[in-house]
Amino acid sequence: MGTRSTKRMPKAKRMQVVRAPRRRARPEWVHQFLVVLTGTDPLIWRRIQVPLEYSFWDLHVAIQDAMGWHDSHLHEFRLLDPMEKHSVSIGIPTDEARAEQPVVPSWEVPLSGFFERRGWHALPVLYAYDFGDDWEHMLVHEEMVPADPPLSYPRCVAGARRCPPEDCGGPGGYARFLEAIASRRHPQYKEMLAWVGGAFDPNAFDPAAVRFDDPRRRWRHAFGGREERAARQRAPAPTRPNRHRP
């Protein structure tokens, strides 16, 4: 099913100071985003609402959970800075980052810096996930709406069709996978169904069934203890005491 990506859970850039996201109060306003997985036909899409105070890291976690990805690969937001008028990459800095286009840590960038309360829509954003399979999502900021106090956020309010399996080879590999499981006569029918656990309904999706993880907990899972380990690696090795023979 295509070439398996070699970039698994993110490896933070050396010497980077990583700070956990702060706990937030219940939101008064929420952003509404349309998320469309490009290259799929019929389209796989989600509509989500997230707190106004969210960072791009928090939005990343919400997109992963709403889509049904496993968050086991690198990701990156690519968008236009409305003030500087140049493209910006927001995600997880790594040692392989391009010098001409550095990646800004997503947990340090609030959504409010790019999506404001205006009468017109912000420009679409590209959200890339898994640089091996090259999944690209078109992210559209639709509006800002008042939060409904009885509800908790983030939440998925609409969507269609199931998320592709991880590591299936991108849009092309997913199309071949669907072709294989559509006919019992296909030579890879049994192999592909066994690969996904025995059954796969590409049309199955229920917004009410989406469960969102705490982005702070996801952050601790990805980066927790990394600073301590890096500090130990930078520290000089302890000197062994000299042992003199009598």
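Do we find a residue being more than 30 Å from residue 200 (Cα to Cα), in contact with an Asp or Glu (Cβ under 9 Å, 6 or more places away or on another chain) and not basic (Lys, Arg) anywhere in the stretch 150-162? No - not one qualifying residue is present in the stretch 150-162.
Does residue 193 qualify as being touching a helix residue (DSSP H, G or I) at 6+ places or on another chain (Cβ under 8 Å) and more than 28 Å from residue 59 (Cβ to Cβ)? Spelling it out, residue 193 is indeed touching a helix residue (DSSP H, G or I) at 6+ places or on another chain (Cβ under 8 Å) and more than 28 Å from residue 59 (Cβ to Cβ).
Among residues of the stretch 191-220 that are farther than 12 Å from residue 68 by Cβ and touching a residue at least 60 places away in the same chain (Cβ under 8 Å), those with a beta-carbon under 8 Å from a residue that is part of a loop (DSSP other than H, G, I, E, B) and among the small types (Gly, Ala, Ser) at least six positions away or on a different chain give the pairs 216/20; 219/20; 220/20.
Values quoted throughout were computed directly from the atomic coordinates according to the rules given, and no laboratory measurement underlies them. This is a predicted model, so every value here is computed, not measured. All Cβ positions, glycine included, derive from the backbone under ideal geometry; neighbour counts span all protein chains shown.
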